[in-house]
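Worksheet: one structure, shown below.
Just so it is clear, none of the values below were taken in a lab; they were calculated from the coordinates. Predicted model only: the values in this text are computed from it and were never measured. Using ideal geometry, Cβ is built from the backbone for each residue, glycine included, and neighbour counts are taken over all protein chains shown.
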């Protein structure tokens, strides 16, 4: 599985892109990411961008086997599972 | 004018609004209100009771936005009794995301000893004082709205924001960013988002969104300059100075003087702000680059203010404040912003004044005019 997270906005407005190939992390971490992906129902999520001052916006793209999906979302619109998936991806790709 | 006539006018207005509600919506939010002839409004202000004056001033304020007579409003400001006064409350989210959190300091209370709490308290106080003393504005809404701040939001949160009702500050990750209360202009920036919400209500997307962001930087840096009594020449015009840890190669988050030069770091990358419309960002990220393209109007303000000299809030700041408070519409673009600031400069100082030329130079330099 390949995950790309792009963050923009926030007061800082510093663009950031992180990529993660789950074959390069431990099996346990890979399973954790797969679990969060499923719990977030990622492949059925739609864009959810809002116009809230200084909030972060994320573009999250996941390629998994024959599936590929990308969403654009403001941080306030993210479910707990999606937020955790984003945080875990950033942590493992840092 | 007799008091009874003033009341009749209010009733007539009210009747007119009631008949129009089908398409105008709520009377409280009616965009055109009831536009009385200016001389009648002035009479109500002089001779009416407190309620009449409040009604007439609001009518005048709304109508000024259409007629360009806003200076008249300022003359009568002293007649209005403020609904509130400086009321600060600081909450602690304790690294969670629930707002507002637990109260840790209220207006008049002693310092807490927690730097984030005390900086949020002092910074919101300095911002309140700036707008009150310089622009006679009573808080975010002009009517004494309470100033609520929450610190220690989320874990390692590299951000600060205004959520529509309050200010919120993260602690930073300690690796790249310090706590976000550390820089007073950040506090001024967030509070100005509240003022913009109550005034021009600039759409947070594309060019109006970049103007929204720029307004927060413009008044944010003036809050800092006012607190330090800095002239335009004394200021470094850096937004978010002190937010980076010593590991990051940068002087701050944005440079109003030289957009695109605030940082250049192996981890963070390079400051993406353009300094003119020729290199404007046109992508979809960041609500269409609101924090990126804000560098363009930021630089225009910097040039206008430095050309005028002295303290930024005296002339350039006044032009920008009147523009924000009374003239800008929610979907204004850079060109509209430029023509409005020039129009305000003409009204205040004359069309051939040094102030007009300074504003014109600012917008021409960044390629908007």
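Here are a few things to note about the model shown:
- Sorted from longest to shortest, the spans of the Cα atoms of region B:190-271 along the three principal axes equal 39, 32, 20 Å.
- Degrees, to the nearest 10: A:80-93 long Cα axis against longest axis of chain A: 70 degrees
- If the convex hull is drawn through the Cα atoms of region A:2-93, its volume per residue in Å³: 82 Å³
- 0 to 90° range, to nearest 10: angle between helix A:27-39 axis and chain A longest Cα axis: 50 degrees
- Placing dummy labels 7 Å off each Cα toward the beta-carbon, the span from residue A:28 to residue B:231 is 6.4 nm.
- Overall shape of region B:213-369 was characterised from the C-alpha gyration tensor. The equivalent ellipsoid obtained from it has semi-axes of 26, 19, 13 Å, in decreasing order.
- Cα-Cα separations in region B:88-182 greater than 16 Å, expressed as whole percent: 53 percent
- Cα-based shape type of region A:44-94, given that a ≥ b ≥ c are square roots of the gyration tensor eigenvalues and the cut on a/c is 1.5: oblate
- Helical mean residue ellipticity (222 nm; -39500 (n - 2.57) per DSSP H run of 4+; nearest 500) of chain A: -9000 deg cm²/dmol
- Per-residue Cβ neighbour rank within 10 angstrom, fewest leading, B:134, B:238, A:31: A:31, B:134, B:238
- Take the Cβ atoms of residue A:67 and residue B:132, set R0 to 60 Å, and the FRET efficiency comes out at 0.60.
- Among A:28, A:57, A:77, the residue with the largest mean-square fluctuation in a Gaussian network model of chain A, with springs joining Cα atoms closer than 10 Å, is A:28.
- When B:313, B:320 are sorted by how many other C-beta atoms sit within 10 angstrom of their C-beta, beginning with the fewest, the order is B:313, B:320.
- If R0 is 22 Å, the Cβ-Cβ spacing of residue A:41 and residue A:1 corresponds to a FRET efficiency of close to 0.90.
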